[in-house]
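Worksheet for the structure shown next.
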Amino acid sequence: MRTYIIAEAGVNHNGQLDLALQLCDVAKAAGADAVKFQTWKTENIVTAQARQAVYQIENIGDIGSQYDMLKKLELSYDDFRLIQNHCRKIGIEFLSTPDEEDSLEFLVSLDLPFIKVGSGEVTNIPYLRKIASYGKQVILSTGMSTLAQVAMAYDTLLQAGAPKVSLLHCTTNYPCPYDEVNLRAMQTLKDAFKCPVGYSDHTMGTEIPIAAVAMGAEIIEKHFTLGRTMDGPDHKASLEPQELKLMVEQIRHIEVGLGDGIKRPNRSEAENAKVVQKSILAKRPIRQGEKLSEDMLVAKRAGEGISAQCWDMVIGAYAIKDFGMDEPIVLW
């Protein structure tokens, strides 16, 4: 199974179209399946008085309000049309999370393959119904949510017209400390809803998304940036270009390494088995007609002869000929 890897550009373009296009190029070069942004009109999602989140203050300082911060990071709809066209040219899927209804309608008009919904909307029932009404597949991040809240959101989306819903386990903290990842909750989501699951990662490294793939994640979402020292709320919790490329390579290695689950020798092991696995040999010279006993035999690497797995079958048999020391035993 191939993991769908979303390189999350988010707001790491700092409100600049040229940086957004560079992020698309980096995601493509890293081998990601999609590059994702966030689309909003600031006045539609936050009041002028709303304070910044704690992690935002920690990452960029207290600049006053969320409104001021988001307005500086906002890209126009025309910008996103240009970004989508650029993605088509370079061969990577363009995605963006709509943060309010006007942007939802706009992104639907771009005919995206599915709608990616952020964790902040899990409890926003009317918005979930609006999203589902377009009849598109949905990927829903589930940070900050209980299982009961996820269940309500999941059922709401399906009942309102979403043909398929995939769930991403997530911890909404930037960066996320390792002791708050709780990756086993991803399996809880799969067991509870019998749907595709994945993981949206906000840790500083690549270990957790790699582990998520080994645990069955079908979708991985990971923030990335052109440089972690850039100004902005999410840069510090993002991978730099070479790290993103390494993560994608590691995930692809894990996919191959997981195999099909059938326990059997692989092709490359067949020749090795001949020289590594033990055969039954004469421990001392044996005369024809002697009854073979354990003190007469030894298991050694010989590259031929009867496998030591047949030890019990050989014990008690009679030597069909004379055997010299370390000569492979044969029974016929």
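The values are calculated or read from the model by the stated rules, or taken from the named source; none is laboratory data. This one's a predicted model, so the numbers in the text were calculated from it and none came from an experiment. Here the Cβ positions follow ideal geometry from the backbone for every residue, glycine too, while neighbour counts run over all protein chains shown. These area figures cover heavy atoms from the full protein model, side chains too; ligands, DNA and RNA do not enter into them. Shrake-Rupley method; radii C 1.70, N 1.55, O 1.52, S 1.80 Å.
Shape analysis of the range 208-332 places it in the prolate category; the axes a ≥ b ≥ c from the Cα gyration tensor give an a/c of at least 1.5, with a/b above b/c. Annotation for S293 and S268: the two label points, set 7 Å from Cα along the Cα-Cβ direction, are 4.6 nm apart.
Taking R88, R267 and ordering them by how much accessible surface each has at a 1.4 Å probe, largest first, produces R267, R88.
Give me the angle, in degrees from 0 to 90, between the Cα long axis of helix 241-258 and the longest principal axis of the Cα atoms of the chain, rounded to the nearest 10. That helix lies at roughly 40 degrees to the long axis.
Helix-only arithmetic for the chain: the sum of -39500 (n - 2.57) across DSSP H runs with n ≥ 4, divided by the residue total, places the mean residue ellipticity at 222 nm at -11000 deg cm²/dmol. Restriction of the GluC sites (Glu not before Pro) in the range 288-330 to DSSP coil positions whose beta-carbon has at most 12 other beta-carbons within 10 angstrom yields E304. The slack between V108 and V275, meaning 0.36 nm per residue of separation minus the straight C-alpha distance, is 54.0 nm.
Ranking of D25, D234, D111, D99 by solvent-accessible surface, largest first: D111, D25, D99, D234 (1.4 Å probe, protein heavy atoms only, all chains present). The simple Förster model, with R0 at 25 Å and r as the Cβ-Cβ distance, assigns T229 and H253 a FRET efficiency of 0.25. Between 0 and 90 degrees, the angle of helix 147-159 with respect to the longest Cα principal axis of the chain falls at about 70 degrees. Helix 267-276 and the longest principal axis of the Cα set of the chain meet at an angle near 40°.
For the range 1-44, the set of trypsin sites (Lys or Arg not before Pro) satisfying both a DSSP loop assignment and a count of at most 13 other C-beta atoms within 10 Å is given as R2. The DSSP beta bridges internal to the chain are antiparallel in roughly 20% of cases. In the range 154-298, the DSSP beta bridges split such that about 20 percent are antiparallel, to the nearest 5.
Which entries in K71/K164; K130/K245; K136/K236; K41/K245; K71/K130 show an alpha-carbon gap greater than 30 Å? K71/K164; K130/K245; K136/K236; K41/K245, as the Cα separations exceed 30 Å there.
The alpha carbon centroids of the range 151-186 and the range 197-272 are separated by 19 Å. Projecting the Cα atoms of A273, L239, I251 onto the charge dipole of the range 234-275 (Cβ charges, centred on the Cα centre) puts A273 farthest toward the positive pole.
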